[in-house]
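Nothing in this text is a laboratory measurement; each read-out follows from the coordinates by a stated rule. Owing to the predicted nature of the structure, the values given are computational and were not obtained by experimental measurement. In this analysis, Cβ positions are derived from the backbone assuming ideal geometry, glycine residues included, and neighbour counts consider all displayed protein chains.
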Amino acid sequence: QGLLARISDLLLCRWTCRNCCQKCFDCSCCQTNEDEVEILGPFPAQTPAWLISSQNEDKDGDSDNTISELPPTLQDVSPDRRRSSSDTSRSTYSLTRRISSLESRRPSSPLIDIKPIEFGVIGAKKEIVQPTILRKTYTPDDYFRKFEPRLYSLDSNSDDVDSLTDEEILSKYQLGMLHFSTQYDLLHNYLIVRVIEAKDLPPPISYDGSRQDMAHSNPYVKICLLPDQKNSKQTGVKRKTQNPVFEERYTFEIPFLEAQRRTLLLTVVDFDKFSRHCVIGKVSMPLSDVDLVKGGHWWKALVPSSQNEVELGELLLSLNYLPSAGRLNVDIIRAKQLLQTDMSQGSDPFVKIQLVHGLKLTKTKKTSCMRGTIDPFYNESFSFKVPQEELENASLVFTVYGHNVKSSNDFIGRIVIGQYSTGAPESNHWRRMLNAHRTAVEQWHSLRSREECDRVSPASLEVT
């Protein structure tokens, strides 16, 4: 009944009067009738068991029976406390009856029994379905179309050739033999390749195989270190002989470790002034199989090559278009490994540039002539007046000739860049130039034959 009891009742009891800070059943200001009960605080989490039992047994309104059914803790108290307990039970009973009436008015919530839904026929056996992998079915035609015959053509690296000796290769193919030597200079870091001679080369045969074109060949040798076939070298042409003596020495600046990874390729070619040069045979030797520092000489039998004709060479060009001025600038930088047109002194190449609008030739220009070389450097610039609205219909025809004083110039190779390009590399160069205005775009191009250009490019037919 002291101060501490009041503070503990205030802190621990949930049913406390807000006006006088006393218990609701002790204060006089909180007494209400049975019909009106003011809820003074939150409901307890769970309803006491004695409250539930009193509600079930005293529905007729008998308060005396309610007191007799109270828990023993409430019956063993003093008369004053029992009187207050009677008031408390009466108040609690009224509160319980009021809450019961409110709950009876609330619509009941339906109970939904959720069960897993299974699709399929009842009683059917369940089967585990695995995801299938979609694979494209190939027909025999599609399958064999992917093969490239050139990859399966006769080559010196095939197993049957590697298993044969030089005498067996010579008797089987009868293409002759080649004498050469190799040695690496550690002091100057370059590889020396010496082409000495060849013997018993076959005579040239016409394309129809019915007769010989000439009594003798005009052979020369091309040297390269695989896989790099672009930076090749070649000997001079020996006229009308099947047993040429070259005695020529060439150097390749390459580190020693890199040289051991390369394969020396020597190709013997027959020079033909009036058509493309024909390959007689070739010799390949992995440099890892020999002692490069000590060096050595070898006689090797020639084997057939899958490349029947020699490439015509390459041309390095630079294109630049200025939209404001309407000028198309062309730079002829250099060429390399051009087809040799003169047996005595190599070639005297020059480049002719022709501008074609649609199918009409409008302008022709040409570079200077470089004497006695197949790897000329030009570094010459040309400018053409081309309005921007006419640029999409323009084509540039580049033709490399070998100068000839006694007769007409010798055709070496040609490409077409522009509207009627001769191939994908040429189209790519033109497209890059259109996307990069005021910026020079360089690219190497492999020269093509006149027949190939005339077949794929109408602009090639309009020039001479």
Does the stretch 314-462 come out rounded, prolate or oblate, given a ≥ b ≥ c as the square roots of the eigenvalues of its C-alpha gyration tensor, rounded meaning a/c under 1.5 and, failing that, prolate meaning a/b above b/c?
prolate
Too-long pairs where the Cα-Cα distance tops 25 Å, listed order kept, from Lys233/Lys282; Lys336/Lys366; Lys230/Lys363; Lys238/Lys406
Lys230/Lys363
Answer with one residue from Thr241, Thr267, Leu257: the one whose Cα lies farthest towards the positive end of the charge dipole of the stretch 228-281, charges on Cβ with Lys, Arg +1 and Asp, Glu -1.
Thr241
